[in-house]
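Single-structure report; data block below.
Throughout, read-outs are computed from the coordinates displayed, never taken from laboratory work. Only a predicted model underlies this, so the values are computations on that prediction, with no experimental measurement involved. Reconstructed Cβ throughout: ideal geometry from the backbone, glycine too, with neighbour counts over all protein chains shown.
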Amino acid sequence: MTSAAEPRVIPRRAVISWILYDLANVIFSMGVISLNFSLFVSKEVGPARADSVYGLITAVAMGMMFLLSPLLGALTDRAKKRMPFLFWATVLSCTCTALLARGPFMVSALLFIFANAGYQAGVQFYDSLLPEVTTEKNRGRIAGLAVGLGYLGSYIAVGIGLIIAPKVGPFPYSLYFLLVAIAFFVIATPAFLFVKEKGNPSPRPIWGWKVVTESVAQTIHTLKSGNKYPGLLRFLVGRAFYTDAINTVIAFMTLYTVNLAINTGLTPEQGHAKAQLVLLSAITAAIPGGILWGMVVDRLGPKRTLNIVLLCWMATFALAACIGFFALPIGFLYLVSCAAGISLGGTWASDKTLMLRLTPPDRVGEFYGLYGMVGRFSAVTGPLIWGATTFIVVERMGKPAVIGEALAILMLLVMVIVAYRILHSVSDEKRDWVALGHLPGS
């Protein structure tokens, strides 16, 4: 009979450092993905082709990560530590970001694909470290704090743009991307230093063709035997649908805002400034939203919280589409952005925690690889749906860009509704993994 284990003490600086990494990677996601790379594409290829070209680039970037995410997750379960994976993924993202907009457009497109790959892989490794900085009792609160406070990184991303933007002349994209890369790496560094892992007591080789084939086979086996992991497959399928909608609208909201602004008589430069203000309002709402939703997760549970959040998204998408269809005043975008910010904080605070509830403790890396894989799949299909819709409506039918974009938003609304129905029967009750036979010694 072994004695009860002593309560685990998690240093506060480890928790703070883990949260800071979320803030750091938000600088990239806001500054590059949500805000300025799409505008850089528009400058290079023209506004009429921007949606379809950016959609194609994003789809290629996410398609690559869709294929790699499960493999990377399985490899981290074999490794002694996960942190080296997080470090090198961050280095890749920051290096490629620093080189954006410094040569031919195709070079920048390729660099963006690899910068995004490093960022996406880093998010996956970061999420799998959640058990290292939380307990079952405070998991929702800490995840919510990371989401809410992480959005402070958006202020940094937008602030960099406002500081370096010239009063006249073109926006200095190359300088902007360099500064974003520096800020990302500097603020991420405490996580590399202070988040200490318990480590894998039985590490296995992580390099070689045999390792790759074993990891792929294990992932395929997990998917085929999904009934052994209650709720897993249904959650992953549902997540593919709602992240499809959310990630796509985040990626294209800047273009939508600029086009709405131009329709009201503003110049593209004024539209760019308006887009930054709209995004800032979303960020402002997301900060308290993430913190409060984290508390709701600990009180109601991650599944009930996610249900409420998805209903909020449905209302948000419906209003966003109405603005384009009915030429509503652009001020309504601020209402949409605030609602989206609040909903966004709740999405990541609840679904990240729900995924951990569905995950055996000895396979966190692999399962978060699957979690990341469906996110990448949605990030491939979402931009393709958006790009195809706007291509048909705008480039072929000759309709205004805002009409094509509003119709694309309605397509995303359908995705959220489908996700809500799929997730209906998923339970967040605690699993007895030893009884289910998934832990060593069971």
> What whole number of Å gives the distance from the Cα centroid of the range 321-357 to the Cα centroid of the range 256-308?
Replying inline: 6
>> If you fit an axis through the alpha-carbon atoms of helix 47-78 and take the longest principal axis of the Cα set of the chain, what angle between them do you get, 0 to 90°, nearest 10?
In response: 10
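Applying a 10 Å radius around every beta-carbon, put 230-236, 167-173 in order of their mean neighbour count, most first.
230-236, 167-173
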> Among all the aspartates and glutamates, which ones have a C-alpha under 19 Å from residue 196's C-alpha, if same-chain residues fewer than 8 places away are not counted?
Replying inline: 6, 22, 77, 127, 132, 136, 362
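Cα convex hull of the range 17-130: mean projected area in nm², to one decimal?
Values: hull surface 28.1 nm².
Average of the hull's projected areas for the range 17-130 equals 7.0 nm².
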> Where is the GNM fluctuation largest for the chain (alpha-carbon springs, 10 angstrom cutoff): 74, 191, 165?
Replying inline: 165
> Counting Lys and Arg as +1 and Asp and Glu as -1, each charge on the Cβ, what is the dipole of the range 269-352 about the Cα centre in debye, to the nearest 20?
Replying inline: 220
>> Between 0 and 90 degrees, rounded to the nearest ten: what's the tilt of helix 268-300 against the longest Cα principal axis of the chain?
In response: 30
> Of 148, 118, 265, which is the most mobile in a GNM of the chain whose springs link Cα atoms less than 10 angstrom apart?
Replying inline: 265
> How far is helix 12-28 tilted off the main Cα axis of the chain, in degrees rounded to 10, range 0 to 90?
Replying inline: 30
> Among 26, 194, 246, which residue has its Cα positioned farthest towards the positive end of the charge dipole of the chain, with +1 placed on the Cβ of Lys and Arg, -1 on the Cβ of Asp and Glu, and the dipole taken about the Cα centre?
Replying inline: 194
>> Using just the Cα positions, wrap the chain in a convex hull and report its mean projected area in square nanometres, one decimal place.
In response: 20.8
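About the Cα centre, and with charges only on the beta carbon of Lys, Arg (+1) and Asp, Glu (-1), how big is the dipole of the range 300-390? Nearest 20 debye, please. Walk me through the intermediate numbers first.
Working: 6 positive and 3 negative charges, 32 e Å.
For the range 300-390, the charge dipole is close to 160 debye.
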> What is the magnitude of the charge dipole of the chain about its Cα centre, with +1 placed on the Cβ of each Lys and Arg, -1 on the Cβ of each Asp and Glu, and no other charges, expressed in debye to the nearest 20?
Replying inline: 680
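Give me the mean projected area, in nm² to one decimal, of the convex hull enclosing the Cα positions of the range 132-183. Walk me through the numbers before you get to the answer.
Working: hull surface 18.4 nm².
Here the figure is 4.6 nm², rounded to one decimal.
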>> Mean-square fluctuation check for the chain, GNM, Cα pairs under 10 Å: which of 353, 189, 243 is largest?
In response: 189
